[in-house]
Amino acid sequence: MVDLARDPQALRRGGTWFVVAEFEGPARAWRFADVTRVAADASDVARADDLSAAWRGPTTQSWSTSLDRDAYVDAVRRVREHVRAGTVYQANICRVLDAPLRRVEGHEPDPRALADRLAAGNPAPYQGVVHVPGAAAPTLDPVWVVTASPELYLRVEGLVGPGPATLTSAPIKGTARTVEGLTAKDEAENVMITDLVRNDLQRVCVPGTVAVTTLLDVEEHPGLVHLVSTVTGELRPQVAAADDLWARLLTATFPPASVSGAPKSSALRIIDELETAPRGPYCGAVGWVDADAGTAELAVGIRTFWWSQDERLRFGTGAGITWGSDPVREWEETELKAARLIALASAAD
């Protein structure tokens, strides 16, 4: 295991690495000696449906939240006060749900079983599992993360080969139950964050190459729809060749724009002021880096569960707050984002 902020050069030594970056830090990567690549197909979905019954989660009634309805509504109002004062244009305010989930006969809960259940009930383009058991490898720094993320944080291509290396990000901002439920506020929110992503990529890309290739595309996911935009650029050759490439990329772009706000520095100060629980891997990044092939794909750590050695299962949910936000509707958006996944992760009462 390496901390990418302290030892980013490790990824230059080759191999396939799996990355979990926490919102507050650190960004950790584990190299696996044996990696088998498989293509997802219908048989995988059927397998997930067969195996999903193996998961035994907490009851639906055992979940608690770091911010209840009144506290979250008050946080939205306070963000709107910051917007009125000119401190920030948008801030993403989140809450963390958690429930007890204990070891059974000394064994950690099975993350693959939860991942199979999510794949069957809530398939997502960047779903995945990163698991290093604490008892099996305490010196490697344990991790237990299951994600059903729909959002691309960074895709890197072309680090190996003659052509220019490229960087792609696809921020999500704007959520509703149906396409008809999307509003002008959702569109404005997406445009602000897309512009922030464009600015982030310009810090490491060749001037003039950063472009918004899609704007306000509608993506349908189980139970809701999102607005998604795509930003691409060519990495500066000196950045692509740098031993500390990943430290530079994270410094330029992390935490992801869609889960922080604009301006990012002001939004992060407001998040620290209003949120009462650390986000951990939620709103961070989860994915892989193939150092030999010169490619990588990291998802934004949304729709993500993580289990800790304190024997609690956690899940985060949030919303982007602007001047046009209605506090109660923003609370309802956090409920919408959480409802399906919490139901899938919970045992029958």
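Observations
- Residue within the stretch 27-35 that is modelled with pLDDT of 90 or more, over 30 Å from Ala347 (Cα atoms), open to solvent by 80 Å² or more (accessible area, probe 1.4 Å) and not in a loop (DSSP other than H, G, I, E, B) present: yes
- The residue list Leu118, Leu97 contains one member that is modelled with pLDDT of 95 or more, open to solvent by 10 Å² or more (accessible area, probe 1.4 Å) and among the hydrophobic types (A, V, I, L, M, F, W, C), which is Leu97.
- Qualifying residues in the stretch 278-317 (those that are among the small types (Gly, Ala, Ser) and buried (at least 21 other Cβ atoms within 10 Å of the Cβ)) - the one farthest from Trp30 (Cα to Cα): Gly316
- The stretch 225-239, subset surrounded by fewer than 22 Cβ atoms within 10 Å (Cβ to Cβ) and out of contact with any Ser or Thr (no Cβ under 6 Å at 6 or more places or on another chain), residue nearest to Leu11 (Cα to Cα): Val239
- Residue in the stretch 329-346 that is open to solvent by 10 Å² or more (accessible area, probe 1.4 Å), assigned to a loop (DSSP other than H, G, I, E, B) and under 21 Å from Ala257 (Cα atoms) present: no
- Residues located in the stretch 188-219, provided they are open to solvent by 60 Å² or more (accessible area, probe 1.4 Å) and free of Cβ contacts under 8 Å to residues at least 24 places away in the same chain: Asn199, Pro207, Gly208, Val212, Thr213, Asp217
- When residues of the stretch 235-289 are limited to those that are aliphatic (A, V, I, L, M) and in a loop (DSSP other than H, G, I, E, B), the one nearest to Val20 (Cα to Cα): Ala277
- Taken over the stretch 155-185, the residue count meeting the criterion of being of a type in the set (Lys, Arg) and more than 14 Å from Val225 (Cα to Cα) is 2.
- In the stretch 64-96, the residues that are in a helix (DSSP H, G or I), closer than 20 Å to Ile193 by Cα and among the β-branched types (Val, Ile, Thr): Val76, Val79, Val83
Per-residue answers, yes or no, for (1) in contact (Cβ under 8 Å) with a residue 24 or more places away in the chain; (2) under 19 Å from Trp306 (Cα atoms); (3) open to solvent by 30 Å² or more (accessible area, probe 1.4 Å):
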position: Val76; (1), (2), (3): yes, no, no
position: Glu81; (1), (2), (3): no, no, yes
position: Arg102; (1), (2), (3): yes, yes, yes
position: Gly106; (1), (2), (3): yes, yes, yes
position: Pro109; (1), (2), (3): yes, yes, no
position: Gly128; (1), (2), (3): yes, yes, no
position: Pro142; (1), (2), (3): yes, yes, yes
position: Ser149; (1), (2), (3): yes, yes, no
position: Tyr153; (1), (2), (3): yes, yes, no
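- Any hit, the stretch 158-175, residues being more than 20 Å from Ser258 (Cβ to Cβ), touching a helix residue (DSSP H, G or I) at 6+ places or on another chain (Cβ under 7 Å) and not aromatic (Phe, Trp, Tyr): yes
- A Cβ distance below 7 Å, combined with a sequence gap of six or more or placement on separate chains, defines the contacts here; from the stretch 274-288, residues that are over 21 Å from Val79 (Cβ atoms) reach no residue that is among the basic types (Lys, Arg) and in a loop (DSSP other than H, G, I, E, B).
- Residue among Ala75, Ala120, Ala115, Ala91 that is touching a helix residue (DSSP H, G or I) at 6+ places or on another chain (Cβ under 6 Å) and closer than 21 Å to Val146 by Cβ: Ala120
- Hits in the stretch 254-277 (condition: buried (at least 18 other Cβ atoms within 10 Å of the Cβ) and among the basic types (Lys, Arg)): Lys264
- Pairs are defined by a Cβ separation below 7 Å, a sequence spacing of at least 6 or placement on different chains, a first member in the stretch 235-261 that is farther than 17 Å from Glu157 by Cα and in contact (Cβ under 8 Å) with a residue 24 or more places away in the chain, and a second member that is part of a helix (DSSP H, G or I) and of a type in the set (Lys, Arg); the pairs so defined are Ala257/Lys264.
The values are calculated or read from the model by the stated rules, or taken from the named source; none is laboratory data. A quick note: this is a predicted structure, and the numbers were derived from the prediction, not measured. Note: ideal-geometry Cβ built from the backbone for every residue, glycine included; neighbour counts use all protein chains shown. The area values use the complete protein model at the heavy-atom level, side chains included, leaving out ligands, DNA and RNA. Shrake-Rupley method; radii C 1.70, N 1.55, O 1.52, S 1.80 Å.
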